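Only one structure is covered here, and it is reproduced in the block below.
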Amino acid sequence: MTSDIWKPVDQLAETLQDRLGHAPEIALVLGSGLGTLVDALVGRRTIETDKLPHWPSSTVDGHAGSIHWGQLNETPVLVQQGRVHLYEGYRPQEVVRPLRAAITWGVKTVILTNAAGGINPTLDPGGLMLIVDHLNLTGASPLQGPNDDRRGPRFPDLSNVYDSGLCEQLLMWAARMDVQLNTGIYAGLLGPTYETPAEVRMLSTMGADAVGMSTVLEAIAATHLGARVVGISCITNRAAGLEGAKLDHEDVQRAGAQAVDDLTALLTVALPSLGAAS
Ligand code: HPA
């Protein structure tokens, strides 16, 4: 059964094949304010996402909609610059459609990055957190509705969403590069408000180390399709109530820019080993 959910995914995947040829092993999704990583791509080819069929277009500043094919450390990679979010009014299946198309095209490993508020006091703004697990607190799932059993299971196992082998690789490279990479649990919320201080205390009690408004639906959709997932949060602020200051989207984008240098350095060295099957 090819339901309405999959038709646009397949058409988008075919367009990627027509426009870019063979799929790279790895796709990288860049979160808020992390777009400058694109400048490091060698042999870059760019497609504006409004030229692609069925691509949901973002309505948020700092989420320019384009995809780039290029090489980082001689490793081909598809870079998705900007994503859409549930809080913009998109349905879960629209939020994950670009990633589903990339995986249907042939991508095997997805690296999801985001901007996040630090809850764990050891996470300083400007730093990176490797996501080792998540709390999906959006109240939604990209798998709600009919399942196409040829694509993935009805009840996927989520016990190793953030591939432990790839996490080890990244931690090893971070140590070698002297890039500080903490590990932690990412809580994905609907947004678009930042949290109340009481919510941040609740999230802390639940075991969350960082909080944001993306990533979890994409991680679920990618796992359902059998792709390997890596997640990295750029900590842009201390979550609400942990520091006196009010939270502001422009500050979040500025702090993202600080973390992007470390992120670029780390991904550049690690990319070849993330593509190889373990
Ligand atoms: N909360 C939710 N999302 C965010 C935050 C935050 O503090 N910072 C960046 N994205």
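The values are calculated or read from the model by the stated rules, or taken from the named source; none is laboratory data. All figures in this text were calculated on a predicted structure; none of them were measured in a lab. Cβ: placed from backbone, ideal geometry, glycine included. Neighbour counts: every protein chain shown.
Among the residues of this structure, A221 does not count as one that is among the aliphatic types (A, V, I, L, M), surrounded by fewer than 24 Cβ atoms within 10 Å (Cβ to Cβ), more than 16 Å from the ligand (Cβ to nearest atom) and within 15 Å of the chain's Cα centre (by Cα). The residues on offer are A115, A101, and the sole one that is modelled with pLDDT under 95 and crowded, with 24+ Cβ neighbours inside 10 Å is A115. Scanning the range 120-148 for residues that are among the acidic types (D, E) and under 28 Å from E168 (Cα atoms) gives D124, D133. Among the residues that make up the range 169-192, is at least one of them at pLDDT below 95 and within 16 Å of the ligand (Cβ to nearest atom)? Yes, that holds for at least one residue. Just a yes or no: is a residue in the range 129-136 in a loop (DSSP other than H, G, I, E, B), within 16 Å of the ligand (Cβ to nearest atom) and on the phi < 0 side of the Ramachandran plot? There is no residue in the range 129-136 that is in a loop (DSSP other than H, G, I, E, B), within 16 Å of the ligand (Cβ to nearest atom) and on the phi < 0 side of the Ramachandran plot.
Taking the criterion of being free of Cβ contacts under 8 Å to residues at least 60 places away in the same chain and within 20 Å of V95 (Cβ to Cβ), the residues of the range 188-230 that qualify are G188, L189, T193. From the set of residues in the range 185-239 that are in contact with a His (Cβ under 8 Å, 6 or more places away or on another chain) and among the hydrophobic types (A, V, I, L, M, F, W, C), which is nearest to N160 (Cα to Cα)? The qualifying residue nearest to N160 (Cα to Cα) is A219. Has the range 47-69 got at least one residue that is part of a helix (DSSP H, G or I), more than 29 Å from Q144 (Cα to Cα), at pLDDT below 95 and more than 17 Å from the chain's Cα centre (by Cα)? No, because not a single residue in the range 47-69 is part of a helix (DSSP H, G or I), more than 29 Å from Q144 (Cα to Cα), at pLDDT below 95 and more than 17 Å from the chain's Cα centre (by Cα). Within the range 202-259, the residues that satisfy the criterion of being in contact with a Phe, Trp or Tyr (Cβ under 9 Å, 6 or more places away or on another chain) and small (G, A, S) are A208, A210, G212, A219, G231, S233, A239, A240.
Return the pairs, sorted by first residue and then second, in which the second residue is in a loop (DSSP other than H, G, I, E, B) and at pLDDT 95 or above, the first residue lies in the range 7-33 and is more than 16 Å from the ligand (Cβ to nearest atom), the beta carbons are less than 6 Å apart, and the residues are 6+ apart or on different chains. Cβ pairs passing all conditions: A23/G106; A23/V107; E25/K108; A27/V107. For T264, indicate whether it is assigned to a helix (DSSP H, G or I) and β-branched (V, I, T). So T264 fits the description; yes. Would you confirm, using the coordinates I've provided, whether G106 is of a type in the set (G, A, S), under 25 Å from C167 (Cβ atoms), more than 16 Å from the ligand (Cβ to nearest atom) and surrounded by fewer than 21 Cβ atoms within 10 Å (Cβ to Cβ)? So G106 passes the test. Of all residues in the range 173-191, those satisfying the criterion of being within 19 Å of the chain's Cα centre (by Cα) and farther than 17 Å from V230 by Cα are L189, L190, G191.
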